[in-house]
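Participant: One structure is given below, represented as structure tokens, and several questions about it will come after.
The values are calculated or read from the model by the stated rules, or taken from the named source; none is laboratory data. These numbers were taken from a predicted model, which means no experiment stands behind them. Note: ideal-geometry Cβ built from the backbone for every residue, glycine included; neighbour counts use all protein chains shown.
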Amino acid sequence: MWRSTEPAALPTPTGAFQPIPPPSTGCSDPAKLNADPNLAASCSCQAATNSTIALVNTYVGQVEKYNSALTAYEAATFKLHAYERCASDGYCLGDYSTYQAVFDNNYKNQQLYTKSAFGCTTANQSLRDGYCKTDYGNGWNYVPGTDVNAYCTSSPPNVGGGTCCTNKCQRSLTQALSEWKPYFRSSSGAPEPYVPPEPQIPEFDAQIAITCCSQTFDNISAGNTVKIYDITQQCSAEVNKYITDVENGTLPPGTLPPNYYAPAPGAEPSDEPAPEGLQLFAIVLIIVAVVVFIIMMIWVGVRLRKRSQKKTSAPTPLAPPS
């Protein structure tokens, strides 16, 4: 029952991330927003950043549910493996360890005398083996060294005296397992454990246009929601400072908006400022590129993990009890 590939839990932080509030009420004042396009663009950037946090929180919740379901699935799968091994191999471990004595004493190691006593002088080993099969069926064999005297007229044999003989018979291992399996699976044995469906890895929904920033983010780990949140944290801090400076009139001359990126080395910077509409458009494009990159890293990381798991061998079977 062991699968050669087992799903793995996804890394996730504990608990939801909190949205970062704007630094003032200016972002909720339509008059201020209409009067100051820079403020409007920055407030839009802030709102989109919090949309990112909400999206990440949704994903975190899905991952936490997936990991919980995966734990339950793996526990049930292991239990089913132990159940099948007890039924098919007679090795009863884990939740079924109490059945080991039942199998050993009543099936594998059980020995019974022949049902009737017989003459000692005429019974060779072959005949004694035949008496076992006649009395108990194919798969039962004579146990050498178990011959005893019994009263000739006794059936079952009354051992401890008399001039006749009897001997013990025992199942072969194959016969013991063939009788044990239907018993163990019956209502008198153990019910087969339920295994829930294997949980599906949650997908990160990238269908959202998000913000900003002048920072370059690298070393993003696939599936690392904490890193995604770090980006939104830094982005929010930068945008909030810009909003505060705009509202307080303390923005130094020549300060670039949060979506600014330095020109490529050797390129001549343009003296003409970009229109405000283009600035906002650039904000959206930049963050979309960042988020798409993050999502691709998550997707590739999950797929590579699953691919690498397919190459792993099946777990080593549990050793039989000593």
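Participant: Filtering segment 96-147 down to residues that are in a strand (DSSP E or B) and at pLDDT below 95, which residue is farthest from LEU80 (Cα to Cα)?
Facilitator: GLY119
Participant: Which numbered condition trips up TYR194, out of (1) at pLDDT 95 or above; (2) over 20 Å from ASN105 (Cβ atoms); (3) assigned to a helix (DSSP H, G or I)?
Facilitator: It is condition (3) that TYR194 fails.
Participant: May I ask you to list the residues in segment 127-155 that are within 56 Å of the chain's Cα centre (by Cα) and surrounded by fewer than 16 Cβ atoms within 10 Å (Cβ to Cβ)?
Facilitator: Once the filter is applied, which keeps residues that are within 56 Å of the chain's Cα centre (by Cα) and surrounded by fewer than 16 Cβ atoms within 10 Å (Cβ to Cβ), segment 127-155 yields GLY130, LYS133, THR134, ASP135, GLY137, ASN138, PRO144, GLY145, THR146.
Participant: Let me ask something else. Working carefully through the options CYS152, CYS86, CYS92, find the one that is assigned to a loop (DSSP other than H, G, I, E, B), of a type outside the set (Gly, Ala, Ser) and within 30 Å of PRO196 (Cα to Cα).
Facilitator: After applying the criteria, what remains is CYS92.
Participant: Just checking, does segment 156-168 include any residue being at pLDDT 95 or above, assigned to a strand (DSSP E or B), more than 30 Å from PHE78 (Cβ to Cβ) and in contact with a helix residue (DSSP H, G or I) (Cβ under 7 Å, 6 or more places away or on another chain)?
Facilitator: There is no residue in segment 156-168 that is at pLDDT 95 or above, assigned to a strand (DSSP E or B), more than 30 Å from PHE78 (Cβ to Cβ) and in contact with a helix residue (DSSP H, G or I) (Cβ under 7 Å, 6 or more places away or on another chain).
Participant: Next question. Evaluate the following for THR146: is it outside the structural domain of TRP180 (by TED's automatic domain parsing) and in contact (Cβ under 8 Å) with a residue 12 or more places away in the chain?
Facilitator: So THR146 fails the test.
Participant: Quick check on this structure: which one of ALA47, ALA40, ALA31 is assigned to a helix (DSSP H, G or I), in the same structural domain as GLY249 (by TED's automatic domain parsing), under 30 Å from THR250 (Cα atoms) and touching a Lys or Arg at 6+ places or on another chain (Cβ under 9 Å)?
Facilitator: Unique residue meeting the criteria: ALA40.
Participant: What's the total number of residues in segment 156-182 that are in contact with a Gly (Cβ under 9 Å, 6 or more places away or on another chain), free of Cβ contacts under 8 Å to residues at least 60 places away in the same chain and either surrounded by fewer than 16 Cβ atoms within 10 Å (Cβ to Cβ) or not assigned by TED's automatic domain parsing to the domain that holds THR121 (or both)?
Facilitator: Adding up the residues that qualify gives 5.
Participant: Filter segment 69-116 for residues that are out of contact with any Gly (no Cβ under 7 Å at 6 or more places or on another chain), small (Gly, Ala, Ser) and surrounded by 15 or more Cβ atoms within 10 Å (Cβ to Cβ) and give the result.
Facilitator: The answer is ALA69, ALA87, GLY90, SER116.
Participant: Could you say which residue among ALA176, ALA117 is of a type in the set (Gly, Ala, Ser) and touching a strand residue (DSSP E or B) at 6+ places or on another chain (Cβ under 6 Å)?
Facilitator: On the way: ALA176 fails: touching a strand residue (DSSP E or B) at 6+ places or on another chain (Cβ under 6 Å).
That would be ALA117, the only listed residue that is of a type in the set (Gly, Ala, Ser) and touching a strand residue (DSSP E or B) at 6+ places or on another chain (Cβ under 6 Å).
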